[in-house]
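Undergrad: Please see the structure below; I have some questions.
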Amino acid sequence: KTSVDFYREVQRGGVDLGMRYVGYLFLVPEENAALMRNAARELRAMGVSVDAYERLEMPIKLRVSDDEEAREMGLSDVAFGLLVRDAGIMDPEKLVKYYYEVYTREGGEVMFGTKVESVVFSPKKPLGIPGEPFPWQDVKAVGIETSAGLVEAKNIIFATGAWTERLMDALGFGLPLKPRKRQVFVVRATGELEALLRSGLADREYSPMIILPRGVYLRPEPGEGTYWIGVSDRRPFRLEEPPEPEEALWRFGIYPVLTKYVPAFEGRMPQNAWAGHYDENVVDYQPVVDRLVEGLYVAAGTSGSGIMKADAIGRIAAYLALGREKAELYGGVVVDSNVLRHNRCFEEERLVI
């Protein structure tokens with residue numbers, strides 16, 4: 001929440017981040033209705049604006065059980081739509097541009113096209129013996145070897161997304177972070193789809209982001225008159241370089257579900273598509289921000305929601321690297337700097353045999 005509040009303040013200050021509060025509309029299948037009604041009550045108790053819709057004035061089918069193909073696919077009827085009002089969309093490139101400009105204006109340097117090769121470690125108490133550091137010596141990170149040469153630093157923070165697992169494995173740090181490919185397919189919103197794009201809820205001008213049963217989602221992109229469509233499919237954890245979109249995922253993984261709930265997509269094909277990676281924390285799907293050894297830190301594992309948490313993650317990582325026990329987030333919220341440590345979900349063993 002603090003990250004989104006910060007972005008909102010930046011946009012109010014005159015920097016266009018492409019923020020639109022279109023809302024998130026979850027089409028809740030009947031088997032999850034009780035669970036989601038409880039979740040809605042909890043959100044309202046926290047002050048989050050949530051609306052439930054038994055009917056929708058949108059070209060969306062809530063009842064699909066009368067369709068033989070839908071029954072064969074195991075698709076459920078929708079019990080109700082749950083709208084989270086203050087959720088929305090923004091332009092990631094504009095947000096990155098904002099941080100880049102602030103960082104470089106303050107004297108920061110960005111090294112584009114530079115590959116990280118390894119981390120340089122030094123003993124905390126050097127003895128001047130060739131080959132240091134040895135396994136019995138306490139070490140600290142003092143720099144990184146890159147394709148552009150050695151970069152020395154007092155503190156090194158790996159905010160390396162999908163490449164974090166590979167880099168950490170090479171350094172001998174086992175973290176529960178893995179890359180998984182995700183794909184986006186872009187469909188032009190013409191005809192009935194244009195009507196859907198402009199059918200906002202709760203007095204909003206444009207369609208909310210719609211999350212269908214089975215993990216298919218539709219993200220409106222009003223500026224270009226399109227929908228960005230994807231699915232949270234289970235696939236192997238693997239880093240693909242470069243990642244490529246798969247036409248088969250659209251045809252067999254997305255299209256059959258999409259057209260049952262939103263018939264206006266029948267016969268539509270993507271005009272564009274791309275792929276990238278999530279860096280998933282396979283334990284609890286929340287970020288890891290932690291100190292590995294003196295001078296070496298990691299901030300990763302955002303599991304697909306990094307943009308919503310990025311400002312808070314950055315602030316926690318900065319306070320941790322500065323040796324502070326507490327981190328102050330935007331709006332004055334204070335948390336422990338180690339609140340996102342990698343072993344937070346477990347009681348640490350005192351003796352391992």
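Undergrad: Restricting the search to region 1-29, which residues are part of a loop (DSSP other than H, G, I, E, B) and without any contact (Cβ under 8 Å) to a residue 12 or more places away in the chain? Please lay out each step first, then the result.
TA: First, the residues of region 1-29 that are part of a loop (DSSP other than H, G, I, E, B): 1, 13-19, 21-23.
Once the filter is applied, which keeps residues that are part of a loop (DSSP other than H, G, I, E, B) and without any contact (Cβ under 8 Å) to a residue 12 or more places away in the chain, region 1-29 yields K1, G13, G14.
Undergrad: Which one of G332, G304, G314, G267 is out of contact with any Lys or Arg (no Cβ under 9 Å at 6 or more places or on another chain), in a loop (DSSP other than H, G, I, E, B) and assigned by TED's automatic domain parsing to the domain that holds A153?
TA: On the way: G304 fails: out of contact with any Lys or Arg (no Cβ under 9 Å at 6 or more places or on another chain); G314 fails: in a loop (DSSP other than H, G, I, E, B); G267 fails: assigned by TED's automatic domain parsing to the domain that holds A153.
Of the residues listed, the single one that is out of contact with any Lys or Arg (no Cβ under 9 Å at 6 or more places or on another chain), in a loop (DSSP other than H, G, I, E, B) and assigned by TED's automatic domain parsing to the domain that holds A153 is G332.
Undergrad: Just to be sure I understand, how many residues within region 246-262 are surrounded by fewer than 19 Cβ atoms within 10 Å (Cβ to Cβ) and free of Cβ contacts under 8 Å to residues at least 40 places away in the same chain? Write out each step before concluding.
TA: Here is the first cut: in region 246-262, the ones surrounded by fewer than 19 Cβ atoms within 10 Å (Cβ to Cβ) are 246-248, 251-252, 256, 259.
Those still in the list that are free of Cβ contacts under 8 Å to residues at least 40 places away in the same chain too: 247-248, 251-252, 259.
Of the residues in region 246-262, 5 are surrounded by fewer than 19 Cβ atoms within 10 Å (Cβ to Cβ) and free of Cβ contacts under 8 Å to residues at least 40 places away in the same chain.
Undergrad: How do the strands (runs of 3 or more DSSP E) wholly within region 190-240 filter down when requiring 3 or more residues that are in contact (Cβ under 8 Å) with a residue 12 or more places away in the chain and either touching a helix residue (DSSP H, G or I) at 6+ places or on another chain (Cβ under 6 Å) or under 23 Å from K94 (Cβ atoms) (or both): which remain?
TA: 216-221, 226-231
Undergrad: Considering only region 283-301, state which residues are in contact with a helix residue (DSSP H, G or I) (Cβ under 6 Å, 6 or more places away or on another chain), part of a strand (DSSP E or B), buried (at least 23 other Cβ atoms within 10 Å of the Cβ) and not small (G, A, S).
TA: Across region 283-301, the qualifying residue is only V289.
Undergrad: Among (1) touching an Asp or Glu at 6+ places or on another chain (Cβ under 6 Å); (2) assigned by TED's automatic domain parsing to the domain that holds G143, where does W228 come up short?
TA: Failing condition for W228: (2).
Undergrad: Ok, one more. Scanning region 270-281 for residues that are in a strand (DSSP E or B) and of a type outside the set (S, T, N, Q), which turns out surrounded by the most Cβ atoms within 10 Å (Cβ to Cβ)? Step through it out loud before you land on a result.
TA: Initially, region 270-281 is screened for residues in a strand (DSSP E or B), giving 272-281.
From the residues that got through so far, the ones that are of a type outside the set (S, T, N, Q) too are 273-280.
Details: A273: 19, W274: 14, A275: 17, G276: 15, H277: 20, Y278: 21, D279: 23, E280: 21.
Top of the filtered list is D279.
Undergrad: Does A275 fit the bill of being small (G, A, S), within 26 Å of Y98 (Cβ to Cβ), touching an Asp or Glu at 6+ places or on another chain (Cβ under 7 Å) and in the same structural domain as A70 (by TED's automatic domain parsing)? Before the answer, list the steps.
TA: Values: small (G, A, S): yes; within 26 Å of Y98 (Cβ to Cβ): yes; touching an Asp or Glu at 6+ places or on another chain (Cβ under 7 Å): yes; in the same structural domain as A70 (by TED's automatic domain parsing): yes.
Criteria met by A275.
Undergrad: With a cut-off of at least 1 residues that are within 28 Å of the chain's Cα centre (by Cα), touching a residue at least 60 places away in the same chain (Cβ under 8 Å) and outside the structural domain of G306 (by TED's automatic domain parsing), name the strands (runs of 3 or more DSSP E) lying wholly within region 70-153.
TA: Values: elements: 78-84, 116-123, 139-146, 149-152.
Ranges flagged: 78-84.
The values are calculated or read from the model by the stated rules, or taken from the named source; none is laboratory data. Just so it is clear, the structure is predicted and the values come from calculations on it, not from any experiment. All Cβ positions, glycine included, derive from the backbone under ideal geometry; neighbour counts span all protein chains shown.
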